[in-house]
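Notes to accompany the following structure.
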Amino acid sequence: MRYACIFRKIKDLPAMEMEIEEPTTQIQNVVSSVVLGQRLDLDEIAATMPNVEFDPEQFPGLVYRLKKPKTATLIFNTGKMVCTGAKSAKESKRAVHKIVKYLKEAGIEITGKPVITVQNIVASGNLHVALNLEKASLTLENSLYEPEQFPGLIHRMREPKTVILLFGSGKIVITGAKTEEQVPAAAIKISNRLQELDLMMHPLDDDEDEYED
């Protein structure tokens, strides 16, 4: 037997059930670039610092891992870094400053202050309502949906400039945000747009679910 998931449009529900819960989001990863403005001797860093990985034959950068905040930072001999894994912009900056402090304490000369720029914020979210992705692929602008290749619909939002992955369950993934404020703003905006286009669906009650051969 094949389970058929049957949905009912929100507009067909009683008025008291039509309210849509506000989207929720949670930042999963902040990627920041760092410029020190000086060259670094990665061999010296690898020889003096703990918690580092450096294999120049495999990858030109050194990987510096911190347990708190839990991050991984790529360090290049040009003095540039890429910090990943932080759960907030503040946490990302704290990780970078912590690494610079440890480098100085180990005798590595750092002459300037790091210039830190958030390049990408990735967040997960939930719209708390099921979505009609088939219809969305026809009516939602700037979108791509190829379910045989990927189960989610890809929507490119112009403002705030982000890419949002939408799934039939109502779960979403937001990428490309530059500030933390853009994450909930993008979630609310896409939720409102989906409502406008009548793309939100609501699952039937458990006792109304049906099986079919």
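The values are calculated or read from the model by the stated rules, or taken from the named source; none is laboratory data. Here the structure is a predicted model, which means the values were calculated and not measured. For neighbour counting, all protein chains shown are included, and Cβ atoms are generated from backbone atoms with ideal geometry for every residue, glycine included.
If the requirement is being of a type outside the set (Asp, Glu) and in contact with a helix residue (DSSP H, G or I) (Cβ under 6 Å, 6 or more places away or on another chain), which of these qualifies: Leu197, Leu140, Leu166?
Leu197
If Val30 satisfies every condition in (1) modelled with pLDDT of 95 or more; (2) not in a strand (DSSP E or B) but one, which is the exception?
Of (1) modelled with pLDDT of 95 or more; (2) not in a strand (DSSP E or B), only one is false for Val30: (2).
For segment 67-104, name all the residues that are touching a residue at least 24 places away in the same chain (Cβ under 8 Å), under 15 Å from Ile116 (Cα atoms) and of a type in the set (Lys, Arg).
Listed by number, the residues that qualify are Lys80, Lys93, Arg94, Lys98.
Do you know which residues across segment 101-158 are part of a loop (DSSP other than H, G, I, E, B) and crowded, with 17+ Cβ neighbours inside 10 Å?
Correct list: Pro114, Leu127, Val129, Asn132, Leu140, Tyr145, Gly152.
Among the residues in segment 193-210, are any over 25 Å from Lys87 (Cβ atoms), among the charged types (D, E, K, R), part of a strand (DSSP E or B) and at pLDDT below 95?
Yes, segment 193-210 contains a residue that is over 25 Å from Lys87 (Cβ atoms), among the charged types (D, E, K, R), part of a strand (DSSP E or B) and at pLDDT below 95.
How many residues, within segment 5-27, are farther than 29 Å from Gly176 by Cβ and modelled with pLDDT of 50 or more?
Residues flagged as farther than 29 Å from Gly176 by Cβ and modelled with pLDDT of 50 or more within segment 5-27 amount to 1.
State all residues of segment 38-60 that are closer than 18 Å to Tyr102 by Cα and of a type outside the set (A, V, I, L, M, F, W, C); if no residue qualifies, say none.
Correct list: Gln38, Arg39, Asp41, Asp43, Glu44, Thr48, Pro50, Asn51, Glu53.
From the set of residues in segment 69-97 that are under 20 Å from Glu180 (Cβ atoms) and more than 18 Å from the chain's Cα centre (by Cα), which is surrounded by the fewest Cβ atoms within 10 Å (Cβ to Cβ)?
Filtering segment 69-97 for residues that are under 20 Å from Glu180 (Cβ atoms) and more than 18 Å from the chain's Cα centre (by Cα), the one surrounded by the fewest Cβ atoms within 10 Å (Cβ to Cβ) comes out as His97.
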